[in-house]
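J.: Below is the structure I would like to discuss, written out as structure tokens.
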Amino acid sequence: MQLTSHIDRVKLYAAGATVSRVATLRQTEEQVEIPGLPLALDDGSVRVRVESDSDNCAIATDVRIGLAVPSPTQTPPRPEAAEIQAAETQVKQLEQLLSLVKTEVKVLAQIKVPNRPQGDADIAPPPSQTAMRMAIAEYKSEQIRARIQEKRDIDERLRRAREHLEDLLQKEKRASSAREARPNELRKMAIVRLSYPENESDRAPSEQRLILEYFVPGARWTPTYIFRLDTVNNTAAITLRALICQRSGEDWSGVSLELSTARPQMWCELPELPTLRLGRAQPLLKSSGWRSPPKGAQLLFEDYDRYRTIEVREESKSVRAPQIFPEELRPMAQLFDRSEDDFEAQLFERSESEFEEELDLSEEAEDLLSDERDDEFHELTALFQERNTLSSGTKESFYQDDLAGRTADMGGLSEFSAPLSDIQSGARQATKFARQALSDRPPVRTPFSLEYNLMEMGKPGDRERRGKLFIKQRREIYLEFLDRQNAAVNFDFMSVVETAISKAQSCLNLPLPGGGMNVREVAGSFDYAYHSDGRVDIPSDGEFHSVALTHQNTDLDIYYVAVPRFDENVFRMGKLYNPFQSPLLKGSMDVYLDGEYLLSSTLQTAPPKAKMNLGFGVEQSIKIARNTSFTENRGSDLIIGGKALRHEIKIDVSNNLSKVADIEIRERLPVPQKDAKVDVAIDAVSPDWKKYNQTELGFPIKGGYRWRVNLAPGERQCFSAQYTVTISEDSDLIGGNRREE
């Protein structure tokens with residue numbers, strides 16, 4: 001039974017996404033089908049679970065992924081062959097009738113009305129047959145008009161007959177191709193098997209939620225932010241957005257979105273803490289999680305093989321070939337208990353002429369061979385072909401046991417003899433296949449594959465696979481699903497699936513929009529997740545779409561920074577805290593100040609609850625001016641044999657804002673190098689300043705100082721500093737003694 005499902009949640013990773021579909025499940029359903037899945041999904045990533053309010057609910061025991069085609073539309077029944085033949089006959093008859101009418105019109109058009117008779121010049125003209133000529137002209141005109149009207153009627157009938165025939169042919173075509181699959185109609189389908197509690201009273205409610213999760217590769221995202229600053233209330237609203245691109249093959253409509261920086265399919269090994277031992281050092285034994293399968297599994301099939309042998313013997317009693325050349329025919333088990341070189345040498349130690357002379361069997365003896373015995377010998381020949389496909393360690397033991405068992409199933413070659421010509425040809429063919437396998441051996445799939453959904457247990461009659469798990473090819477599984485739907489596939493469906501996967505992965509190679517960052521690179525060594533507050537829509541078109549995830553409010557402290565030594569502008573700065581539980585990754589941001597767009601910039605990664613200092617451009621309402629003076633004194637009383645280079649700095653600041661402005665003024669004094677005969681002394685500072693090393697910007701400095709002051713609206717204040725650079729009298733500073741410009 002097919003269930004209708006919809007996408008409820010999507011978890012988007014740095015590359016790829018996990019999609020969660022939800023379907024309503026009824027209590028009586030033991031096997032359900034979920035169609036309409038994208039071709040690009042990873043079959044090995046499918047997970048199924050059942051949720052309900054009760055603890056006793058259905059349990060998903062198995063899930064299989066295959067290909068499916070949509071159900072055929074309602075088409076009219078196939079028209080009968082006699083009906084189509086009658087329509088074709090009617091069209092042909094009307095076409096012939098139309099051709100006949102056209103011919104009659106041409107014949108009538110060739111009828112000529114006789115001219116009036118003309119007499120001699122000296123004789124009176126004979127009487128004119130006017131009535132006869134008028135009758136001929138009227139007959140011609142009347143007949144042509146009648147044929148033209150008949151032609152119009154035939155054209156109309158022919159048009160209807162042709163339309164009727166075309167409708168019948170279209171109905172037949174649609175009826176014949178109703179189950180013919182098209183490449184653009186292929187989808188994947190999940191078949192889920194469920195189990196329920198045995199007791200009716202313990203069963204879950206009638207409605208449950210079946211959740212199907214799968215991974216699709218074609219999706220990626222990058223963060224963006226919007227900062228809305230309110231300087232009146234000193235608050236800031238931070239909106240977390242994301243640019244999302246996905247080409248999974250299905251649109252995400254009304255889904256709950258979660259963004260993650262993790263890599264979902266990256267292999268990770270759990271670290272193990274080694275044991276600490278006291279005493280002599282011993283080699284560390286590394287344990288492995290792999291354990292070889294138990295031995296003796298073939299013994300479980302002894303009863304099956306015994307009863308199968310009895311059945312084959314009973315069937316072979318009715319028809320048994322006479323023993324021919326028993327001295328030349330050796331037991332087949334002895335042939336296999338040899339190496340490849342000895343085996344080939346024994347089979348071909350004689351020439352073909354010697355075999356032909358010794359094996360001149362009569363037709364009567366050959367007719368006694370049954371079809372079942374021929375099948376057994378073909379089966380033995382196939383074992384020669386498969387011999388070299390196994391690993392070298394288990395090849396010999398496997399074939400010795402397996403062929404001995406097959407020989408026992410045949411009742412023993414001592415009781416049954418076949419023409420040696422058949423044995424010779426089969427052995428030659430087996431050796432040919434063995435040589436080809438040795439020269440061009442196909443790769444063997446590792447038995448440690450983790451594709452559990454593709455594993456199957458061999459049947460008891462299959463001696464090679466019984467008692468073992470083997471990997472089934474996806475092509476075989478897909479064909480089984482298509483055969484179950486009776487869908488005719490006239491194209492390479494595997495190439496269609498591969499094309500869908502490559503098209504999905506193409507969006508991972510698209511360049512990021514301006515300012516976009518690779519979330520895996522900026523996240524560092526940790527992984528983070530971001531949830532959307534509402535449901536979003538993301539089409540599967542391979543384009544980046546801006547999606548709003550969530551927003552939070554935080555307090556905002558506006559202050560102003562000036563570095564008049566290098567720039568006369570006063571810069572507006574904001575100090576706020578990250579209000580989210582997850583870090584704000586590096587990405588582009590748009591800043592709005594009091595409802596108006598201000599600027600676009602790049603936000604650096606901010607940890608959770610961390611302080612952020614953001615620049616918001618130049619504040620034109622705060623003016624600043626820096627003036628300096630310089631004097632040089634030689635040989636004074638206090639300085640003997642030296643020069644005093646006196647510098648004075650004056651900074652005037654005026655606040656023209658309508659509110660109090662928190663202003664920070666940064667300055668820097670010269671710092672002498674180590675072991676230099678230079679002395680820098682601060683003489684006077686008004687008002688007092690504090691040292692500033694600029695470590696928060698990542699560029700530490702020496703000799704830095706700063707003033708921090710609150711100016712009222714319209715207030716003006718002067719900041720000053722005086723310092724002296726003392727050097728020897730016969731020396732000068734490189735670049736000039738004046739340090740301030």
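The values are calculated or read from the model by the stated rules, or taken from the named source; none is laboratory data. Owing to the predicted nature of the structure, the values given are computational and were not obtained by experimental measurement. Quick reminder, even Gly has a Cβ in these numbers, built from the backbone with ideal geometry, and neighbours come from all protein chains shown. The accessibility values were calculated without ligands, DNA or RNA, using every heavy atom of the protein model including side chains. Shrake-Rupley method; radii C 1.70, N 1.55, O 1.52, S 1.80 Å.
J.: So, in the stretch 15-38, how many residues would count as being open to solvent by 20 Å² or more (accessible area, probe 1.4 Å) and under 16 Å from the mean Cα position of the chain (by Cα)?
T.: Counting residues in the stretch 15-38 that are open to solvent by 20 Å² or more (accessible area, probe 1.4 Å) and under 16 Å from the mean Cα position of the chain (by Cα) gives 3.
J.: If you don't mind, another one. Go through (1) at pLDDT below 90; (2) of a type outside the set (A, V, I, L, M, F, W, C); (3) open to solvent by 60 Å² or more (accessible area, probe 1.4 Å) and name the single condition S45 misses.
T.: All conditions are met except number (3).
J.: Would you say S540 is open to solvent by 40 Å² or more (accessible area, probe 1.4 Å), on the phi < 0 side of the Ramachandran plot and of a type in the set (S, T, Y)?
T.: No, not satisfied.
J.: Within the stretch 481-496, restricting attention to residues that are of a type in the set (A, V, I, L, M) and either modelled with pLDDT of 90 or more or part of a loop (DSSP other than H, G, I, E, B) (or both), which residue is surrounded by the most Cβ atoms within 10 Å (Cβ to Cβ)?
T.: A487
J.: Within the bounds of the stretch 250-261, is there any residue that is of a type in the set (F, W, Y) and modelled with pLDDT of 90 or more?
T.: Yes, the stretch 250-261 contains a residue that is of a type in the set (F, W, Y) and modelled with pLDDT of 90 or more.
J.: Can you tell me which condition A437 does not meet? The list is (1) at pLDDT 80 or above; (2) surrounded by 12 or more Cβ atoms within 10 Å (Cβ to Cβ), and all the others hold.
T.: (1)
J.: Go through (1) loosely packed, with under 13 Cβ neighbours inside 10 Å; (2) touching a Pro at 6+ places or on another chain (Cβ under 7 Å) for R133 and report which single condition fails.
T.: (1)
J.: Spot the failing condition for M573; the list is (1) in a strand (DSSP E or B); (2) surrounded by fewer than 17 Cβ atoms within 10 Å (Cβ to Cβ), and only one is missed.
T.: The number of the failed condition is (2).
J.: Okay, next question. Applying the selection to the stretch 648-696, what residues are on the phi > 0 side of the Ramachandran plot and touching a Gly at 6+ places or on another chain (Cβ under 8 Å)?
T.: Looking only at the stretch 648-696, we keep the residues that are on the phi > 0 side of the Ramachandran plot, and these are 675, 694.
Within the stretch 648-696, Q694 is the sole residue that qualifies.
J.: Further question: Just checking, how many residues over the stretch 687-708 are surrounded by fewer than 14 Cβ atoms within 10 Å (Cβ to Cβ) and polar (S, T, N, Q)?
T.: Within the stretch 687-708, residues that are surrounded by fewer than 14 Cβ atoms within 10 Å (Cβ to Cβ) and polar (S, T, N, Q) number 2.
J.: If you don't mind, another one. Answer yes or no as to whether L645 is on the phi < 0 side of the Ramachandran plot, in a loop (DSSP other than H, G, I, E, B) and open to solvent by less than 70 Å² (accessible area, probe 1.4 Å).
T.: Spelling it out, it is not the case that L645 is on the phi < 0 side of the Ramachandran plot, in a loop (DSSP other than H, G, I, E, B) and open to solvent by less than 70 Å² (accessible area, probe 1.4 Å).
Listed here are the residues, each with its yes/no results for (1) at pLDDT 90 or above; (2) of a type in the set (D, E, K, R); (3) touching an Asp or Glu at 6+ places or on another chain (Cβ under 9 Å).
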| site | (1), (2), (3) |
| --- | --- |
| W707 | yes, no, yes |
| Q717 | yes, no, yes |
| V725 | no, no, yes |
| E740 | no, yes, yes |
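J.: All but one of (1) out of contact with any helix residue (DSSP H, G or I) (no Cβ under 9 Å at 6 or more places or on another chain); (2) in contact (Cβ under 8 Å) with a residue 24 or more places away in the chain; (3) assigned to a strand (DSSP E or B); (4) open to solvent by 40 Å² or more (accessible area, probe 1.4 Å) hold for I651, so report the exception by its number.
T.: Every condition holds for I651 apart from (4).
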